[in-house]
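Asks: Handing you a structure now.
The values are calculated or read from the model by the stated rules, or taken from the named source; none is laboratory data. Being a predicted model, the structure only gives us computed values, none of them experimental.
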Amino acid sequence: MNTSQQLDQLSARNHTAFIFGLRILLGVILLIKGYMFMFRMHELSDVVEALGMGAFNVTLAMIIASAQLICGLLIIAGLMTRLSCLILIPILIGAVFYVNLRQGFVTSSEWMLSVVILYLLTFFFVHGAGEISLYNAFMRQDGNKQVA
């Protein structure tokens, strides 16, 4: 058996674990970014003010930070994953195409992180939470009640 076939078998056996790991990684990154935004609210509100929101800069900054914290927790748990991703995708599109546009695309490591997070949010919006999630645990539990 050649190396390619061995890797294919490894991938098939561990697909669920890889998806689970990616989901946890995405949720942890979102939690860290939300936590950082909470304690650097003035920086985030400056960015929102640059968008021309005026009086809503602090409110919108709080909403962005709170959304990242709450949705990050939900993504880690595997609950309402698609809804959480749908809420965060517009925020990340703004981060990728507007906020990082001023800093320059290639030179900013923050831009690369935003692109990766946007990609992962899109992936989990399409894919869902995966097999190892609270959502699937609840669905299996509901299915067992209906059968019995």
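Asks: Which condition from (1) among the β-branched types (Val, Ile, Thr); (2) modelled with pLDDT under 90; (3) within 16 Å of VAL28 (Cα to Cα) is the one that VAL99 breaks?
Replies: Only one criterion is unmet by VAL99, namely (3).
Here's the yes/no breakdown for (1) at pLDDT below 90; (2) more than 20 Å from ASN136 (Cα to Cα); (3) assigned to a helix (DSSP H, G or I):
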{"site": "MET1", "(1), (2), (3)": "yes, yes, no"}
{"site": "ASP46", "(1), (2), (3)": "yes, yes, yes"}
{"site": "LEU79", "(1), (2), (3)": "no, no, no"}
{"site": "MET112", "(1), (2), (3)": "yes, yes, yes"}
{"site": "ILE117", "(1), (2), (3)": "no, yes, yes"}
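Asks: Select from the stretch 3-30 the residues that are among the basic types (Lys, Arg) and at pLDDT 90 or above and list them in ascending order.
Replies: First, pick out the residues of the stretch 3-30 that are among the basic types (Lys, Arg): 13, 23.
Of everything in the stretch 3-30, just one residue is among the basic types (Lys, Arg) and at pLDDT 90 or above, namely ARG23.
Asks: Confirm whether GLN68 is at negative phi and modelled with pLDDT of 85 or more. Walk me through how you get there before you give the answer.
Replies: Details: at negative phi: yes; modelled with pLDDT of 85 or more: yes.
So GLN68 fits the description; yes.
Asks: Sort through ALA137, ALA129 and tell me the only one that's at pLDDT below 90, outside any helix (DSSP H, G or I), farther than 18 Å from ILE64 by Cα and among the aliphatic types (A, V, I, L, M).
Replies: Numbers: ALA137 fails: outside any helix (DSSP H, G or I).
One residue alone meets the criteria, ALA129.
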